[in-house]
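Values in this text are rule-based calculations from the coordinates and carry no lab data. A quick note: this is a predicted structure, and the numbers were derived from the prediction, not measured. Cβ placement follows ideal geometry from the backbone for every residue including glycine, while neighbour counts extend to all protein chains displayed.
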Amino acid sequence: MRKYVSDLIVDLLQRFGVPYVSLNPGSSFRGLHDSLVNYGGNRPEIVECPHEKIAVGIAHGYARVTGRPMATVLHNVVGLLHGSMGIYQAFLDRVPMLVLGATGPADVALRRPRIDWDHTALLQGTAVRDFVKWDDQPVGVDAVVESFARGYRVACTEPAGPVYLCYDVAFQEEELKREVALPDPARAVYTRLQPDPQAVERASDWLVEARRPVIVADLLGRHPETVAALAELAELLAAPVVDAGGRLNLPNTHPLWRRSREVLRGADCVLLLDVRDPFGWLHEYDERERVADRLVADGCRVVEVGYGDLGIRAWSHQFQRYQEVDLSILADTREAVPALVECCRDRLRSRGDADERSNRRARLAEEHARIRGRWREVAQSARPQAPMATSRFVWEVWEQIRGRDFVFTGSLVNDWIPKLWDFDRPDRYAGKPLGTATQIGISLGVGLAYRGSSKLVVNVQTDGDLMYDLGALWVASHSRIPMLTVMFNNRAYYNDWEHQIEVARARGRDEARAYVGMELDRPAPDFASVARALGWYAEGPIEDARQVGPAVQRALRAVEEGTPALVDCVTAFR
């Protein structure tokens, strides 16, 4: 059988266990598309998308759940530019991703008039080079093999991130002249970055000596096995854990879990674990005056553990403000946190202050129960009528899914989701939302990762985000991704609306006109009708919280039958 270069790319995808390829069709990778369908037998499975940024978002959400990369294919210059924002968000979120691109023929004699010229760049990877870990445009079959193996390894090596591999359309369609040996994926991985043992001992000394230690964790939970180690460390030290929410770092049902940074005010030692913004977490920021006040007291020791400035880029200041700390440990937290547990346990054996830590644990547990109880009281007593209070909306949805094996993805609804829902395991929470025009794509990727399982994927979906990507709803129907989507629909881009209120108020102007250019109303989008037209079960709009529960119950029955379902709930702005 004749074999082509694009067939070799499919061989590599299969060899490295890549299960899915998300794409919006494009002629620049017609050879690869044929190879996926006819040579590979739709392995990896194609996930067809109506827009490239949806395709990238799906790969992002899949990697959040599994920790492994899937591939997304972007057509030429235009597809790459469409998908570039999603690639940037994946870079910020430290998820592995294989972005496969295609370009017009490098040989000008092979280019079609106009289109191949408009859509060919030199080199195409420069468009995203500042926010991918690595990019390459290989020519020659040996280069294709080596480039793919290196790209896969780079994407998966911590801090993980997207890589971009671009293939010439004419080269894809060339016939292979010889067999090419494929690399062994097991030999294409690095070991984890180990912490400096002396630094671990020093940090442990400070932590066990502290009277009021506090831990802050952000992206630690991207490796779920580390969550149990963090819980063990927190219990040993009787230290509250502020969950910054990049992933689920500690179950919110744990008595040492905290959401507010206020607990940092009395700390005498702070441990930061995979925190991308140390300055932001150690300071309180006045957005109006643009002034930052230090939260922790002078003399409080600060230790950070993570990948620090590895992977830093100059183009985007995603590295945040510079923050001096007392000790920086460059290490994989999967290795560092268990090492801290063992070292702290060893030191605590010889100390005589076990009662003090026991009393502190009991006090923190009582405080945790009191805080969560107060949140539930607020939600249950909140206004049910139109527009329903956001806390009541979140509570009504929770009442229907509690007790089910669910995973949450989407909007935190002004932080009411982590306050009211029980995230008792790392797989309950796929990570915080990353900004408008990303949420539905990422949520579809989470749903794809759990497709075929018994897990209920619940996407709490904002209206502004979905307006960017209404076509994404078709992906769930076409690719058989049963998921429950509940709309957090306040009919506004209200985050920006609040900014306009603040500016008008500061300038002594009419804040009542802040809605101009900010509302999603007149007409109000009918999300349920759109969803039904694209193959979903859907209800709404619902404006009374007392109707939310029955609607969600009906939607859950549809999901159990394999159909994606949407319930459109109209809420207060905040």
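Test of understanding: ordering Ser350, Ser391, Ser28 by Cβ neighbours within 10 Å, fewest first, what list do you get?
Ser350, Ser391, Ser28
Suppose every K and R has +1 on its Cβ and every D and E has -1 on its Cβ; what is the size of the dipole of the range 211-330 about the Cα centre, in Debye to the nearest 20?
Computed about the Cα centre, the dipole is about 160 debye.
Cut-off 20 Å, label point 7 angstrom out along Cα-to-Cβ of Asp355: give me the residues of the range 216-237 whose amide nitrogen falls inside.
236-237
Taking the Cβ of each residue in Phe527, Phe91 as the centre, tally the other Cβ atoms inside 10 Å and list the residues starting with the fewest.
Least crowded to most crowded, the residues run Phe91, Phe527.
Within the range 45-67, find all residues whose amide N lies under 12 Å from a label point positioned 7 Å from the Cα of Arg334 along Cα-to-beta-carbon.
Those under the cut-off are 67.
Based on alpha-carbon atoms only, what is the radius of gyration of the range 1-125 relative to the globular estimate 2.2 N^0.38 Å?
1.05
From the Cα trace of the chain, what convex hull volume per residue do you get, rounded to a whole Å³?
For the chain, the hull spanned by Cα atoms encloses 168 Å³ per residue.
Along the charge dipole of the range 327-381, which of Val378, Asn359, Cys343 sits closest to the positive end, that is, farthest toward it, with unit charges on the beta carbon of Lys, Arg, Asp and Glu (+1, +1, -1, -1)?
Checked the options; the winner is Val378.
Taking just the alpha-carbon atoms of the range 441-574, what radius of gyration and Dmax come out, in angstrom?
When restricted to the Cα atoms of the range 441-574, Rg and Dmax are 16.8, 57 Å.
Could you state the principal axis extents of the C-alpha atoms in the range 226-382, from the largest down, to the nearest angstrom?
Taking max minus min along each principal axis of the Cα atoms, the range 226-382 gives 48, 48, 29 Å.
As I understand it, the value is the acute angle between the Cα axis of helix 439-449 and the longest principal axis of the Cα atoms of the chain; what does it come to in degrees, rounded to 10?
So the helix axis and the longest Cα principal axis differ by about 80 degrees.
If you fit an axis through the alpha-carbon atoms of helix 548-560 and take the longest principal axis of the Cα set of the chain, what angle between them do you get, 0 to 90°, nearest 10?
With rounding to tens, the tilt is 40 degrees.
Can you tell me the 0 to 90 degree angle between the C-alpha axis of helix 141-156 and the longest principal axis of the chain, rounded to 10?
Long axis of 141-156 versus the principal axis of the chain: about 10 degrees.
Find how many whole Å separate the alpha carbon centroid of the range 106-138 from the alpha carbon centroid of the range 1-47.
Answer, in whole Å: 20.
For the range 105-195, what mean projected area does the convex hull of the alpha carbons give, in nm²?
Mean orientational projected area (the range 105-195, Cα hull): 7.5 nm².
If each residue's Cβ is checked for other Cβ atoms within 10 Å, how do Cys49, Cys156, Cys343, Cys569 rank with the fewest at the top?
Cys343, Cys156, Cys49, Cys569
Averaging the inverse of every distinct alpha carbon separation and then flipping it gives the Kirkwood radius. What is it for the range 332-418, in angstrom units?
16.9 Å
So which GluC sites (Glu not before Pro) in the range 209-310 are both in a DSSP loop and have at most 11 other Cβ atoms within 10 Å of their Cβ?
In loop regions of the range 209-310 (DSSP not H, G, I, E or B), the sparsely surrounded GluC sites (Glu not before Pro) are Glu287, Glu289.
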